[in-house]
1. Length gain on complete extension for the stretch Asn135 to Asn229, per 0.36 nm per residue less the alpha carbon to alpha carbon distance?
2. Please sort 187-195, 167-175, 1-9 by packing, taking for each peptide the average over its residues of neighbouring beta carbons within 10 angstrom, highest first.
3. Among DSSP beta bridges whose residues both lie in the chain, state the antiparallel percentage, nearest 5.
4. In percent, how large is the relative contact order of the chain, given Cα pairs closer than 8 Å and 6 or more residues apart?
5. Could you give each residue of region 96-109 its phi-based ³J(HN,Hα) in whole Hz, using Karplus coefficients 6.51, -1.76, 1.60 with θ = phi - 60°, and x for Gly or Pro?
6. Apply 1/(1 + (r/R0)^6) to the Cβ-Cβ distance of Glu252 and Glu192, taking R0 = 30 Å, and write down the FRET efficiency to the nearest 0.05.
7. Below 14 angstrom from the Cβ of Leu230, what's the summed charge of the other residues (Lys, Arg +1; Asp, Glu -1)?
8. Work out the charge dipole of the chain with +1 on the Cβ of Lys and Arg and -1 on the Cβ of Asp and Glu about the Cα centre, then indicate which of Gly137, Gly48, Thr71 is farthest towards its positive end.
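Any read-out appearing in this document is the output of simple, stated calculations on the displayed coordinates, not a laboratory observation. Keep in mind the model is a prediction, meaning the values are calculated, not measured. Positions of Cβ are backbone-derived with ideal geometry, glycine not excepted, and every protein chain shown enters the neighbour counts.
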Amino acid sequence: MTYTNVLVEKRDRIGLITLNRPHEMNTFNIPFARELNDALMEMEADPGVRVVVIDAAGKHFSTGISLAEFTGKTPKEYREFIRLMDEHNHTISRMKKPVIASVKGYALANGAGLSFACDLTVAAEDAKFGTTAINVGLICLGPAAPLARLVGRKKTLEMVLTGDILTAVEAERLGLVNKVVPREKLEEATMELASRLAAKSPLALQIGKTGIYAMQDVPYHQALDMLSNLFVSLCCTEDAEEGVKAFLEKREPAWRER
């Protein structure tokens, strides 16, 4: 598939999606949102990709939905438009492969939501995060869905209702970011993390992500039983047998490609 608003490439077993509207601070519009979602699904379907990284061209990760989009739409058109703006939140959570956000500059509104929706986030020291739509008379409800899973109701309400902007260090303290690095080290740190994951059993990664997302929607004891069943299914696979055997034989495992 040909892309314009995002750039797509593969490095070894890592799929890279680069947000590519730097002249518009990587804001979301209809073509951009469609291409981002299409690229994510393409990476998910590619057996040669084990981990996906989302980074950005230009100075900023993404400053949200283009405000020029909020004019002249009927309620039905707004419903379809907002569904498309939020689609990546559904897609990333349903993907079996880990998705890492590599954030620099501003990640605001829907751009912050994209970072929150990713499984892991590496941020440059200059990164800023904020659910800022309230400041223009709108509200960040799409980003609130992954945000609330990460920080809880009270902090989500504070962020969404005030529109305050957090530094990368504050975001890391809240669990919105996994690692903060100097800007010049951002790509290196992101790819190092992606490479570490890509070296793991792809099946174990998939089962792990599936289980951790699914357990959030069920009671504690039911979640334990569900996770146990997933672990049992992994134990019965060739990858599990190979991983244990390789460890005992003191060699690198040879995972099955999927």
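1. That pair, Asn135 and Asn229, stretches by 29.2 nm at full extension.
2. By packing density, highest mean first, the sequence is 187-195, 167-175, 1-9.
3. Around 30 percent of the beta bridges assigned by DSSP in the chain are antiparallel ones.
4. Computed over the chain, the figure is 16 percent.
5. With the stated coefficients, region 96-109 comes to 8, 8, x, 10, 10, 8, 10, 10, 9, x, 7, 10, 10, 6 Hz.
6. With R0 = 30 Å, the Cβ-Cβ based efficiency is 0.95.
7. Around Leu230, the surrounding residues sum to 0.
8. Final value for the positive-end residue is Gly137.
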